[in-house]
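S.K.: Structure provided below as structure tokens; questions to follow.
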Amino acid sequence: MSLNKIYKPIKKDSKNIKLFFKYISCFFKGFFIVLVGILVLSFAYYKLSEHSWIIYYISYLFLFFGGFVSGNSLHKKAGGRGILTGTLGALPLAFISYLILIIVSLKNLSIFSLISPLACVLGGTSGGIISSNTKKRY
């Protein structure tokens, strides 16, 4: 038995590599939206002289919208089931948002800290569902 039959190197035009780069590009689309939203909200928080409760809730909307864009664009590029593809598209964004939340608030974690990853995952799921239902059928 030759070594080439046992060991098959990954080709550059492999289907898995292409799917991985689609996945990464869709993640960065959602991450860019969340990053721009956080920068806008931090500038608004800096300019306001008092605490505003609306900035707190708009940050969750940006997380939801970032997950939505990530799940929607992944389903359009990769296809598959809407719920599963949208959820998988938003999971890295949810993980990173939860990781940042843990780093920023070291000991003040509660059940409410699960709202931000849940908003990302729900956004990705709804993005995948909407993308699968608005597919062009000829």
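The values are calculated or read from the model by the stated rules, or taken from the named source; none is laboratory data. Treat the numbers as computed from the prediction; the structure is a model and nothing was measured. Neighbour counts run over all protein chains shown; Cβ positions are idealised from the backbone, glycine included. Areas reflect the complete protein model, heavy atoms only, side chains present, ligands, DNA and RNA absent. Shrake-Rupley method; radii C 1.70, N 1.55, O 1.52, S 1.80 Å.
S.K.: In the range 88-138, what percent of the accessible surface is made up of carbon and sulfur (1.4 Å probe, ligands and nucleic acids excluded)?
M.R.: 75
S.K.: Test of understanding: in a Gaussian network model of the chain with alpha carbons linked when under 10 Å, which of PHE112, PHE65, PHE20 would top the mean-square fluctuation ranking?
M.R.: Most flexible of the set in this elastic network: PHE112.
S.K.: Oh, and also: Nearest 10 degrees, 0 to 90: what angle lies between the long axis of helix 15-47 and the longest principal axis of the chain (Cα atoms)?
M.R.: 10
S.K.: Rounded to the nearest 10 degrees, what's the angle between the helix 53-78 long axis and the longest principal axis of the chain, both from Cα atoms, 0 to 90?
M.R.: Value to nearest ten degrees: 10.
S.K.: At a 1.4 Å probe radius, which order do VAL104, VAL40, VAL34 fall into by accessible area, largest first?
M.R.: VAL104, VAL40, VAL34
S.K.: Could I ask something else about it? Say the dipole of the chain comes from +1 at the beta carbon of Lys and Arg and -1 at that of Asp and Glu; which of LEU61, LEU118, GLY89 then lies farthest toward its positive end?
M.R.: My answer, from the dipole projection, is GLY89.
S.K.: If you don't mind, another one. In Å², what does the accessible area per residue of the chain work out to with a 1.4 Å probe?
M.R.: On the way: 10230 Å² over 138 residues.
For the chain, the solvent-accessible area averages 74 Å² per residue.
S.K.: Taking the Cα centre as origin and putting +1 on Lys and Arg beta-carbons and -1 on Asp and Glu beta-carbons, what dipole magnitude results for the chain, to the nearest 20 debye? Spell out each step's value before the answer.
M.R.: Details: 16 positive and 2 negative charges, 212 e Å.
That gives a dipole near 1020 debye.
S.K.: Over all alpha-carbon pairs in the range 71-138, figure out the percentage whose distance exceeds 15 Å.
M.R.: In whole percent, the long-distance tail amounts to 52.
S.K.: Using a 1.4 Å probe, how large is the accessible area of THR134, given in Å² and rounded to the nearest 10?
M.R.: Solvent-accessible area, nearest 10 Å²: 90 Å².
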